[in-house]
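This report refers to the structure that appears directly beneath it.
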Amino acid sequence: MYRKHLALSALFFFVFVSAVCAQEYYARHYSVYDGLPSPEVYDVTQDSLGRIWFVTRGRLSLITYDGFKWRKIDTGLPRGHGIFNCISTDKRGNIWAL
């Protein structure tokens, strides 16, 4: 009887704790209808200010989104040379696009 009671108590405790500690994740899907310039996204990162950086296909390959507005980043590279495949942030907050 003691073992049954202990097992039921432990089961109730773990179920209750997992339900209380569970987190809901919010995901947002962006598309060309939202302002994303290309439907093909190669990589995504987020900087320390909360801006989301996208590497997309085509001429507008490096894009930021601050939650309100999309912005193309001018890399200063000649046309056809500003094509990136990946993006990352370092510990200092610098954005690296390769």
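The values are calculated or read from the model by the stated rules, or taken from the named source; none is laboratory data. Values in this document were obtained by computation on a predicted structure and should not be read as measured data. Here Cβ is always computed from backbone atoms with ideal geometry, including for glycine, and neighbour counts include all displayed protein chains.
Scanning the range 37-62 for residues being surrounded by 13 or more Cβ atoms within 10 Å (Cβ to Cβ) and in contact with a Lys or Arg (Cβ under 6 Å, 6 or more places away or on another chain) gives a total of 2.
List the pairs whose first member sits in the range 56-75 and is in a loop (DSSP other than H, G, I, E, B), whose second member is at pLDDT 85 or above and not β-branched (V, I, T), and whose Cβ atoms are under 6 Å apart, counting only residues at least 6 apart or on separate chains? Close Cβ pairs satisfying both conditions: R57/E40; L60/K72; D66/R51; I73/L62.
Just one of (1) among the charged types (D, E, K, R); (2) at pLDDT below 85; (3) part of a strand (DSSP E or B) fails for R79. It is (3).
The C-beta contact set for the range 27-41 (first residue in a helix (DSSP H, G or I), second residue at pLDDT 85 or above, distance under 6 angstrom, 6+ apart or interchain) comprises V32/P39.
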